[in-house]
Every structure is written in C-alpha cells, then in structure tokens.
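The values are calculated or read from the model by the stated rules, or taken from the named source; none is laboratory data. Quantities reported herein were computed from a predicted structural model and do not represent experimental measurements. So basically every Cβ, Gly included, is an ideal-geometry build from the backbone, and we count neighbours across all protein chains shown. SASA here: full protein model, heavy atoms, side chains in, ligands and nucleic acids out. Shrake-Rupley method; radii C 1.70, N 1.55, O 1.52, S 1.80 Å.
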Amino acid sequence: MTRKISIADIGSYSEELANKLVRGIVLNVNRDLKKESPVASGRFRFSWQVGENGPVGGSPDVGNYPGDTRIRRMNYSREKAGKLYSIHSNLPYAEPLARGHSDQAPAGWIDLIAKKNQLKANVAWQNIIRKN
C-alpha cells in the first residue's frame, strides 16, 4: 500500500527515511565490528565507539568489560543524514589488530565488514526508493 504524503511533507518524510537508513547502517557496522573483534580480555571489543563528525573519546580502562554490542555514542544522541560518523577504537593496539595481528581476526576483517555494510546500505536505499 502506498503512503500518501502532502507536497509540504515531502522534505521531512525524505529526511526521516534517510535518517533511518544512516542509523541502521551505523548500528549494523558497530554490531559487526564488536562481533568480529578478537577477544582476550574484552577491552578491544568494548573500546569501539561512535563519534559524530570525527573520532572522539578515550579508551576504556583495564578491567572487566560487558559482553554486549550496544553502541557507545560519544558526542551525540542519534544519527542523522548529512553527518559523518566515525566508528573507531582509540586503543594503541587497535591498528595491529585491524591489520591481522591476532589469529582470531585475519588481515582485512574490518574492510570486509565495511564492504558488507556498503552493500546492505545500497540494497536498503533501493528498497526505500521502490517502496516510497
């Protein structure tokens, strides 16, 4: 069933759809990075955080880390189209782990996550266009 939208509401409706798409992709990438992260203590998995318009924040202290994959938004509350989102880890050993330093995660694992989610974003956008 097609939704009827007045001419005056097209802009806000389109913005709402774009925001939902951006939010979904950020959440998926965050989840996938945490799920695929190599784990010793859990610190690296827990260290992933999302910053709006660039990386921010520090890194988690040594200790016990929750095993959940919830998003850690550092300087904003909700994703919006037109903003740049950085999903990053500030740990000093994040770069070697990203390059495959761990047997648990081969070199290129982050690129594979990015490519998979780019495809998901393209499919989702095509679905939005077709349905709306």
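Does ARG130 satisfy the condition of being basic (Lys, Arg), open to solvent by 60 Å² or more (accessible area, probe 1.4 Å) and within 18 Å of the chain's Cα centre (by Cα)?
So ARG130 fails the test.
Hey, can you tell me all the residues within segment 111-124 that are farther than 14 Å from ARG23 by Cα and open to solvent by less than 50 Å² (accessible area, probe 1.4 Å)?
ILE113
Can you tell me which residue in segment 1-42 is farthest from TYR85 (Cα to Cα), limited to those that are surrounded by 15 or more Cβ atoms within 10 Å (Cβ to Cβ) and of a type in the set (Val, Ile, Thr)?
Checking each candidate, the answer is VAL39.
Within 16 Å of the chain's Cα centre (by Cα), at pLDDT below 95 and open to solvent by less than 50 Å² (accessible area, probe 1.4 Å) - does that describe any residue in segment 69-80?
Taking every residue of segment 69-80 in turn, at least one turns out to be within 16 Å of the chain's Cα centre (by Cα), at pLDDT below 95 and open to solvent by less than 50 Å² (accessible area, probe 1.4 Å).
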